[in-house]
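Bear in mind these aren't lab numbers, they're just calculated from the coordinates by the rules spelled out. Note that the structure is a prediction, hence the values are computed from the model and not measured.
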Amino acid sequence: MIKLSLTFAFLFAGLFCFGQTTYKLDKDTSGFKNRPLYVLKLPQQAPIPTAALIIDVNDIDSISVKKDSESLKLYGKKARSGSIEIHLRDRASIVGYQQLLTDFNIPYANRDLPVFIDSAIAYQPKNTYFEISAVKSVKIAEEKATGMKYIIIISLYPLNRQKKSADKKGKNTNIKIAQ
């Protein structure tokens with residue numbers, strides 16, 4: 001009986017030890033490892049790498065996708081997962097984040113505040129470009145509960161439009177996302 005219980009204990013311990021898996025910590029926490037490089041191409045200007053772009057879709061002339069090796073030749077290591085070039089028409093007036101804040105009279109002292117674009121946090125606001133006519137408002141807001149200040153940018157073309165869900169009777173109702 002003792003031999004049988006020792007055998008089971010040994011087998012269980014062996015299975016327990018060898019059944020463990022080890023996970024290697026991925027030190028790249030940006031989440032953008034396999035993301036393509038977005039490149040803004042304005043007429044008669046150098047290409048601009050961008051994190052986000054808020055524009056009127058009617059101002060897009062064309063979009064071209066470059067595969068890995070072709071985009072590596074054009075843009076280097078940043079485009080190792082490919083690139084998406086957005087070609088704009090002549091009439092588009094694009095400004096960067098800092099210029100947008102200047103145009104909407106945001107003081108320099110508040111420019112390091114967290115930034116929300118259409119109620120979503122912007123992780124790289126300094127690499128974001130805007131078409132002036134596509135921006136509805138830019139202001140400094142303050143959360144009542146904590147007193148935290150932040151910059152909120154509201155565009156005319158928000159990414160989080162109204163979503164539909166079923167109510168108790170099975171009918172669709174519109175739910176607005178708070179901005």
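For a test of the definition: using alpha carbon positions, the gyration tensor, and the 1.5 limit on a/c, classify the stretch 90-135 as rounded, prolate or oblate. Oblate shape, in that a/c is at least 1.5 and b/c is the bigger or equal ratio. Counting only DSSP beta bridges with both residues in the stretch 37-88, what percent are antiparallel, rounded to the nearest 5? Here the share of antiparallel DSSP bridges comes out near 65 percent. For the cross-link pairs Lys41/Lys136; Lys41/Lys139; Lys41/Lys73; Lys67/Lys126; Lys41/Lys126, the ones whose C-alpha atoms lie over 19 Å apart are Lys41/Lys136; Lys41/Lys139; Lys67/Lys126. The alpha carbons of the stretch 37-88 occupy a box of 30, 19, 17 Å along the principal axes, longest dimension given first.
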